[in-house]
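Participant: There's a structure below that I have some questions on.
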Amino acid sequence: MPSGSDASRWIADRMRHIEISGIRRVFELGRALKDPINLSIGQPDFDVPEAIKSAARQAIDAGFNGYTVTQGIPDLRKKLQAMVAGQYPGSDRQVLVTGGTSGGLVLAICSTVNPGDEVIVFDPYFVMYPHAVTLAGGTTVFVDTYPDFDIDLDRVRAAMTRRTKALIVNSPNNPTGRVYRRETLRDLALLCRERGVLLLSDEVYRAFTYDAPFCSPAEFNEDVLVFDGFSKTYGMTGWRLGYVHGPRRLIEEMTKLQQFTFVCAPSIVQHAAVTALDTDMSATIENYRRKRDRIVQGLKGHYDLARAQGAFYLFAAAPGGKATAFVEEAVRNNLLLIPGTAFSQRDSHFRLSYAATDETLDKGIEALSRLARR
Ligand SMILES: Cc1ncc(COP(=O)(O)O)c(C=O)c1O
């Protein structure tokens, strides 16, 4: 067989605008370390609760190993549908079960964004948003939220044009840990309605809201498309299950696209998720609140962390001002963090994940305090 042909000639132009995640780069750097203090990971440090694992095993043994209907198995969908109807009484929100929250986001963006459309994304942002917009042929318009990572509606208004099709909001937020105020989400939801912009609300961290009741912009605008999932709440990131709810017409289009792409979410996991919805995670969430308090308290005086209100991240200004250089220095000190450039147009902050054991957090506090004193 001849070898050495240039396979790159077959790669689509859009892939040139999709880069390897800055998070993966830190993993590469960290690979050389023997026993790093790892505060870079965006997934819970707890295992899937036993009842959910057992439900998955039973689903396999019972033979639920084939395709499911693309919308999701009736038992799960009925349960989610009832939950959503309880949260948004009087609305006609429809549910679609998806391959993770990410799967739902891709379906939604590909079903709504035309080439040339603009999608507003707050900076810093979750890594996949701009790439999903690129995939659909759209353009991402960043709205800067530095220095306090709050949403400034005047900046949003200034970013809106005739081509604005959608806006993505994420609260609790990855990477800032910020939870937006109820009034902010209400004003954003009403602004989107007034301007005819589709609001996409990524609520995958809704369970990890520590200081105030969770609030969704969908409470104020029935057209908001909501993305949620089981990854973070139940520690099952590898099981790939999420769901979307929103206007019937959009859910129909997304269902059509799922049918001809991902087909359905994993059958076994859908069966286990019925049990997950009956599993009380409040003690685990309380433990994460304690972790948040532990790390914020431990780093007080060294870093400004006043806004860590949810998810399991802190986003702090890097001592010296350059996050990439700071993170490289941290790696040399056996500590893994993510530079803000993975989530932002700026290189001023770093992300720390406190989804780690208390012992790791204490080592991290010690290392970060030392680095700040230099
Ligand atoms: C804000 C945000 N949205 C979505 C996801 C993806 O979640 P899932 O595992 O459900 O696809 C993540 C994962 O890190 C996230 O941080």
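The values are calculated or read from the model by the stated rules, or taken from the named source; none is laboratory data. For clarity, every value in this text was computed on a predicted model and none was experimentally measured. In this analysis, Cβ positions are derived from the backbone assuming ideal geometry, glycine residues included, and neighbour counts consider all displayed protein chains. Areas reflect the complete protein model, heavy atoms only, side chains present, ligands, DNA and RNA absent. Shrake-Rupley method; radii C 1.70, N 1.55, O 1.52, S 1.80 Å.
Participant: Of the listed peptides 68-79, 6-17, 93-104, 232-243, what is their order by residue-averaged count of other C-beta atoms within 10 Å, with the highest listed first?
Facilitator: Working: 68-79: 18.2, 6-17: 8.3, 93-104: 24.2, 232-243: 21.6.
Highest mean packing first, the order is 93-104, 232-243, 68-79, 6-17.
Participant: Fully extended, how many nm does the chain gain between Arg157 and Asn65 (0.36 nm per residue separation, minus their Cα-Cα distance)? Please list the in-between numbers first.
Facilitator: On the way: separation 92, 0.36 × 92 = 33.12 nm, distance 4.86 nm.
Difference between extended and current length: 28.3 nm.
Participant: Which whole-number value in Å² is the accessible area per residue of the chain, probe 1.4 Å?
Facilitator: Details: 17210 Å² over 374 residues.
That works out to 46 Å² for each residue.
Participant: While we're on this one: I want the local charge near Ile37. Using Cβ-Cβ distances under 11 Å, sum +1 for each Lys or Arg and -1 for each Asp or Glu among the other residues.
Facilitator: Numbers: positive: Lys363; negative: Asp35, Glu359, Asp362, Glu366.
Neighbourhood net charge equals -3.
Participant: In the range 90-132, what chymotrypsin sites (Phe, Trp or Tyr not before Pro) fall in a loop by DSSP, with at most 11 other Cβ atoms inside 10 Å? Working shown, then result.
Facilitator: Details: sites: Phe122, Tyr125, Phe126; in loops: Tyr125, Phe126.
The qualifying sites: there are none.
Participant: What part of the accessible area of the chain, given as a whole %, is carbon or sulfur when the probe is 1.4 angstrom?
Facilitator: 51 percent
Participant: How much of Asp202 can a 1.4 Å solvent probe reach, expressed as accessible area in Å² and rounded to 10?
Facilitator: 10 Å²
Participant: Enter the mean projected area of the convex hull around the alpha-carbon atoms of the range 120-266, in nm², rounded to one decimal.
Facilitator: The directionally averaged projection comes out at 9.1 nm².
Participant: Now, a different point. Go through the range 130-167 and name the trypsin sites (Lys or Arg not before Pro) that are in a DSSP coil and have 10 or fewer other Cβ atoms within 10 Å of their Cβ. All intermediate terms of the calculation are to be shown ahead of the outcome.
Facilitator: On the way: sites: Arg155, Arg157, Arg162, Arg163, Lys165; in loops: Arg162, Arg163.
Here the sparse-neighbourhood loop sites are Arg162.
Participant: Okay, next question. Computed on alpha carbon atoms, what radius of gyration and Dmax characterise the chain, expressed in Å?
Facilitator: 20.9, 65
Participant: Evaluate E = 1/(1 + (r/R0)^6) for Glu50 and Asp293, where r is the Cβ-Cβ distance and R0 equals 25 Å; express this FRET efficiency to the nearest 0.05.
Facilitator: Values: r = 27 Å, r/R0 = 1.10.
The formula returns an efficiency of 0.35 here.
Participant: Scan the range 40-95 for chymotrypsin sites (Phe, Trp or Tyr not before Pro) in coil per DSSP, keeping those whose Cβ has at most 12 other Cβ atoms within 10 Å, and list them by number. Don't skip to the answer; put the middle values down first.
Facilitator: On the way: sites: Phe46, Phe64, Tyr67; in loops: Phe46, Phe64, Tyr67.
Here the chymotrypsin sites (Phe, Trp or Tyr not before Pro) that fit, given the DSSP loop and packing criteria, are Tyr67.
Participant: Can I ask one more? Testing the spin-label approximation: label points 7 Å from Cα along Cα→Cβ at Ala7 and Leu257. State their distance in nm.
Facilitator: With each label placed 7 Å out from Cα toward Cβ, I get 2.8 nm.
Participant: If you don't mind, there's one more thing I want to ask. Evaluate the distance, in nm, between pseudo-label points positioned 7 Å from the Cα of Asp148 and of Asp358 along their respective Cα→Cβ axes.
Facilitator: With each label placed 7 Å out from Cα toward Cβ, I get 3.4 nm.
Participant: For the ranges 356-369, 167-180, what's the packing order if you count other beta-carbon atoms within 10 Å of each residue, average per peptide, and put the highest first?
Facilitator: Values: 356-369: 17.3, 167-180: 25.8.
Packing order, densest peptide first, comes out as 167-180, 356-369.
Participant: Share of antiparallel DSSP beta bridges in the chain, in percent to the nearest 5?
Facilitator: On the way: 17 of 37 bridges.
So the antiparallel bridges amount to about 45 percent of the total.
Participant: A follow-up question, please. What's the lysine pair count for the chain at a Cα cut-off below 28 Å, pairs eight or more apart or interchain?
Facilitator: Lysine pairs meeting the criterion: 23.
Participant: Once whole DSSP H runs in the chain are found, which of them have Cα atoms spread over 15 Å or more along the helix axis and a mean Kyte-Doolittle score of at least -0.5?
Facilitator: 50-61, 100-112
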